[in-house]
Amino acid sequence: MDTRKRAPVVAGEPTVTSPVVHIKDLRKVYVVSQQEAGAKAVLQDLVHRRKLEIPAVDGISFDLATGEIVGFLGPNGAGKTTTLKMLSGLLHPSAGEVTVLGYIPWKRDKSFLRQITLVMGQRNQLVWDIPAISSFELNRAIYRVPPVDYRRTLDELTDLLELGPLLHKPVRNLSLGERMKCEIAAALLHRPTVVFLDEPTIGLDVTMQRRIRNFIAEYNRRFGATILLTSHYMADVVALCRRVVIIHHGRLLFDGDLSDLVQKFTEYKTIVLQVGDCQADLRSYGEVESCGDGRFTLRVPKAKTAQVTARLLKDLPVIDLLVEDPPIEEVIERVFAQENP
Amino acid sequence: MKALAELYTQQFKTTLAMMFQYRAALVIWMIGQVLEPLVYLIVWSIVSKNSGGSIGSYTTSDFAAYFIVLMLVNQFTYTWIMYEFEYRVREGILSFALLKPVHPIHSDIADNASSKLITLPTMILIAAGLALGFHVSISPAPWAVAVFIPVLLLAFLVRFLLEWTLAQAAFWTTRVSAINQTYFVLMLFLSGQMAPLTLLPHPVQVAAAILPFRWMIGFPVELLLGRLTLTQALTGLGAQVAWLLLGFVLLRLVWRAGVRNYSAVGA
């Protein structure tokens, strides 16, 4: 299959009514050569190289509306980064439709590139040896940001991300978290209206993760930007995204509200209770996940939650009781597990 | 145009800041740039002395003049993009450049020109010192000096465009060092870097006239040394313009195909 064939998309003039991001039956197939171990295989490979087609993204569809923050989830290798790269114009789709702000991304139209950004948490665009402010100035010239706008945006970003003391230090002397903040600022100086964030909080400590998270929410609120975010930290997703899109093996598994996801994929609830009797045997009420010092965690079928709760309160000297949905990590894990054979 | 001028100015500042971060590396790099022509200068001077004071039309002092001017021309036209591009592709740095609304070649031209501006004064001083040491004097005709300026600029542009184009081999293979090596050997031999081209066998001179290498280095050197007639100089200028146009077309074609390939196999 020719992976370079043109995507069958009709270019439309950018319009405000159409979705900001539109993906339909999007596919990306990588052709990789495969080689067995051993001398014979190496010789065979010289004559005839075996090619293998790997569908990284295998027919996904979704739209994003203006100002949405959507969590884009999936395990490693699910096709998230490939999709983000197709959306930002770095990768050419093998098939399907993709438009962003009405533009076909891979054509890399200059006015398209001026309105988007892609932050890759594991890669850096800042010049390593010089202070971040110099890279910012270079970006200002590249994006042709008028000096007044640049000043204002820089001040805002400096304020929101607390960049003040970092701007004039060589980037190589910054900590991972400090560098990430500068990377994000560099990517947003031209005030993009569509923001693709690929693992923006990877490797950061909890405090820094929270700061970046708050910043993303604030950027979205202030500028009405549409944001598609991938993260392995569910705290990011819970804090920022009402809607999530989940993919696995390049296919769409779920697209909807986070709360619906929990409803749809969990058959259990967790009851955490503190009882006066530390020796109590609660196995008849549900699956005991943990116990100690009179504090028990029970897993009970969702339909029986009310009934079990009532029985617990009646039968035992309950000091405290809390009914919870299972942690979001567990829900997501369950989604992936269902997809796997 | 104004925006582009601003981009070049900003890139100049960035390059300047980067170069001053690594002053020691800068000095070592300049020593390398001086050493190579100096070695050839010494070798040819000895050979010339042992052959009775001259080889072909070059006296011992002419050899010194040739390699000192060559050192400056090479410094002016030199690029490092062929080493750099492969790294950019391999490390995915190119992706950031592709996300920007400006062709990445602008940053490279600006970066190259900036570092030349910074190192050129030192190189001129070194060349002057060498000229004194080797008792060299050159007295080109005023027209040759006038033509030399556009010729040197064209030499830089031709070399830059062709090497930028060749560097894009990195889009298709991660092992570009073999290509680079072949290119540099051809360059050494056919540009006049190793020996003045008029001293080489006739077939080599014909090849050198057809291929672009001479027009990047040897030709400006010969012009400034007063070894060319006006007709030869203008013919050479024509060859440079032809290579510039060809280089421009090649660059556009290869870039388009390269980006297409990059975006097909995984940027």
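Read-outs throughout are calculated quantities, based only on the coordinates presented, and are distinct from any laboratory measurement. Bear in mind the structure is a predicted one, so any value in this text is a computation, not a measurement. Cβ sites come from the backbone with ideal geometry, for glycine too, and all protein chains shown count toward neighbours.
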In debye to the nearest 20, the charge dipole size for the protein assembly as shown, taken about the Cα centre with +1 at each Lys and Arg Cβ and -1 at each Asp and Glu Cβ, equals 1460
PRE zone check, label point 7 Å out along Cα-to-Cβ of residue B:1, amide N under 16 Å, scope the range A:134-168, hits none
Applied in sequence order to the range A:21-29, the curve 6.51 cos²θ - 1.76 cosθ + 1.60 (Karplus, θ = phi - 60°) yields integer Hz couplings, x standing for Gly and Pro, of 10, 10, 10, 9, 6, 6, 10, 9, 10
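Can you tell me how the range B:80-205 classifies by the Cα gyration tensor, rounded, prolate or oblate, using a/c under 1.5 as the rounded cut?
Details: a/c = 2.30, a/b = 1.58, b/c = 1.45.
Prolate, because a/c is 1.5 or more and a/b exceeds b/c.
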Contact order relative to length for the range A:286-332, counting C-alpha pairs under 8 Å separated by 6 or more residues, stands in percent at 20
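With both bridge residues required to lie in the protein assembly as shown, what share of the DSSP beta bridges run antiparallel, to the nearest 5%?
Values: 45 of 62 bridges.
Around 75 percent of the beta bridges assigned by DSSP in the protein assembly as shown are antiparallel ones.
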For A:291, A:182, ascending order of other Cβ atoms within 10 Å (fewest first) is A:291, A:182
Output field shielding_mean for A:27-34 (other chain Cβ, 10 Å radius) holds 1
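With Rg and the Kirkwood Rh both taken from Cα atoms, where does Rg over Rh land for the range A:267-324? Walk me through the numbers before you get to the answer.
On the way: Rg = 10.0 Å, Rh = 11.0 Å.
Reported Rg/Rh, Kirkwood definition of Rh: 0.91.
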For residue A:269, other-chain or 5+-apart residues with amide H closer than 5 Å (H placed, Pro excluded) are A:300, A:302
One computes Rg over Rh for the range B:2-265 from alpha-carbon atoms, with the Kirkwood Rh, and obtains 0.98
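Evaluate the relative contact order of chain B (contact order divided by residue number), counting alpha-carbon pairs under 8 angstrom at least 6 apart; express in whole percent. The partial results should precede the final answer.
On the way: 249 pairs, mean separation 66.9, N = 267.
RCO, chain B: 25 percent.
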Nearest 10, in degrees from 0 to 90: the angle of helix B:177-190 to the longest Cα principal axis of chain B is 30
Cα extents of the range B:160-267 along the principal axes, largest first, in whole Å, come to 52, 25, 21
Rounded to whole angstroms and listed largest first, the alpha-carbon spread of chain A along its three principal axes comes to 71, 60, 49
Per-residue average of other protein chain Cβ atoms inside 10 Å, peptide B:18-26 -> 2
Quick calc: nm separation of the 7 Å Cα→Cβ label points for residue B:25 and residue A:159 -> 3.8
With a 19 Å threshold on alpha-carbon distance, the violating pairs from A:28/A:85; A:85/A:264; A:269/A:304; A:85/A:110 are A:85/A:264
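Nearest 500 deg cm²/dmol is fine: what mean residue ellipticity at 222 nm does chain B get from its DSSP H runs of n ≥ 4 alone, each adding -39,500 (n - 2.57), divided by its residue count? Write down the numbers at each step before the final one.
Details: 12 runs with 209 residues, N = 267.
About -26500 deg cm²/dmol.
If you take the Cα Rg of the range A:15-72 and divide it by 2.2 N^0.38 Å, with N the number of residues, what do you get? Numbers along the way, then the final one.
Working: Rg = 20.1 Å, N = 58, 2.2 N^0.38 = 10.3 Å.
So the range A:15-72 has a normalised radius of gyration of 1.95.
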Within chain A, the percent of DSSP beta bridges that are antiparallel, given to the nearest 5, stands at 70
Counting lysine pairs in the range B:2-265 that sit 8 or more positions apart or on different chains, with Cα atoms under 20 Å apart, gives 4
Output row, site residue B:257, 7 Å Cα→C-beta label point, backbone N cut-off 11 Å, window the range B:65-107, residues none
For the range B:27-128, averaging the sequence separation of alpha carbon pairs under 8 Å that lie six or more residues apart and dividing by its residue count, the contact order in percent is 28
In debye to the nearest 20, the charge dipole size for chain A, taken about the Cα centre with +1 at each Lys and Arg Cβ and -1 at each Asp and Glu Cβ, equals 1260
Residue-normalised 222 nm signal for chain A, counting each DSSP H run of n ≥ 4 as -39,500 (n - 2.57), nearest 500 deg cm²/dmol, is -10500 deg cm²/dmol
Taking B:217-224, A:235-242 and ranking on average Cβ neighbours within 10 Å, highest first, one gets B:217-224, A:235-242
A correct Stokes-Einstein calculation for the range A:183-341, using the alpha-carbon Kirkwood radius, 25 °C and 0.890 mPa s, returns a whole-number D in µm² s⁻¹ of 133
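Given a Förster distance of 35 Å, report the FRET efficiency between residue B:178 and residue B:241 from their Cβ-Cβ distance, rounded to the nearest 0.05. It would help to have the intermediate numbers written out before the result.
On the way: r = 31 Å, r/R0 = 0.89.
After rounding, the FRET efficiency stands at 0.65.
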Here the convex hull volume per residue of the range A:114-267, taken over Cα atoms and given in Å³, is 122
Taking only C-alpha positions in the range B:1-116, Rg and Dmax in angstrom work out to 19.7, 62
Quick calc, the range B:41-116, dipole around Cα centre from Cβ unit charges on Lys, Arg (+) and Asp, Glu (-), nearest 20 debye, gives 60
Whole-percent tail of the Cα-Cα distance distribution for the protein assembly as shown, cut at 31 Å, equals 62
